[in-house]
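The values are calculated or read from the model by the stated rules, or taken from the named source; none is laboratory data. Every value quoted in this text rests on a predicted model; they were computed, and no experiment measured them. Glycine gets a Cβ as well: all are built from the backbone with ideal geometry, and neighbour counts include every protein chain shown.
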Amino acid sequence: MAHYRATIDCAGDPKSVFEYMADFSNAALWDPTVTRVETDPSRELGVGSRFEVFLGTRLAELRIDYETTRYEPDRCVVFVATTDVFRSLDTIEIEATRSGCRVHYDADLRFFGPAKLLDLPAHLAFQLSGRRSLDGLERSLSKIA
């Protein structure tokens, strides 16, 4: 299984940071693997919110459909995408601190069937892309503060 976990301390207030993170379309602003995110602009965020996330480059994109499966305002949001080949689970928890908040991001990618052979290479790639995404997320969250 490919897995990446990170924690970021942020000066922003938990409510604003949660709202930013719960809108998964913002991933295109901080995750360099995301080329764009499409969603219904009239939707309200919450359980059932859907996001079409495009990964790769503008020349070759992979579309992954995510859905919000858990939504606890100012505290926790979970996004899940399931295909015939894998399941992606992104869990974001926000914890209030004296100076703002702490963001815990957990990304879990599990392959099914013969694709399980991709577990180790995907885990290694996840570590590299996760670090780049974390850098982008830190920059984005610093603008919220």
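At-a-glance table
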item: All positions within the range 61-114 that are outside any strand (DSSP E or B) and within 17 Å of Leu45 (Cβ to Cβ); result: Pro73, Asp74, Arg75
item: Residue among Ser140, Ser133 that is over 22 Å from His3 (Cα atoms), under 14 Å from the mean Cα position of the chain (by Cα) and crowded, with 16+ Cβ neighbours inside 10 Å; result: Ser140
item: Condition met for Glu93 (surrounded by 16 or more Cβ atoms within 10 Å (Cβ to Cβ), among the charged types (D, E, K, R) and at pLDDT 95 or above); result: yes
item: Failed item, numbered, when Phe111 is tested on (1) over 16 Å from Leu55 (Cβ atoms); (2) surrounded by 16 or more Cβ atoms within 10 Å (Cβ to Cβ); result: (1)
item: The range 1-42, residues that are more than 17 Å from Ala81 (Cβ to Cβ), hydrophobic (A, V, I, L, M, F, W, C) and either outside any helix (DSSP H, G or I) or more than 11 Å from the chain's Cα centre (by Cα) (or both); result: Ala6, Ile8, Cys10, Ala11, Val17, Phe18, Leu29
item: Filter result for Val80 (over 19 Å from Pro14 (Cβ atoms), out of contact with any helix residue (DSSP H, G or I) (no Cβ under 6 Å at 6 or more places or on another chain) and of a type in the set (Val, Ile, Thr)); result: yes
item: Checklist (1) aliphatic (A, V, I, L, M); (2) assigned to a strand (DSSP E or B); (3) closer than 18 Å to Ser16 by Cα applied to Leu45, failing item; result: (2)
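One line per residue, one yes/no per condition, for (1) of a type outside the set (A, V, I, L, M); (2) farther than 24 Å from Ser129 by Cα; (3) surrounded by 13 or more Cβ atoms within 10 Å (Cβ to Cβ):
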| residue | (1), (2), (3) |
| --- | --- |
| Phe24 | yes, no, yes |
| Asp31 | yes, no, yes |
| Phe51 | yes, no, yes |
| Ile64 | no, no, yes |
| Thr68 | yes, no, yes |
| Asp74 | yes, yes, yes |
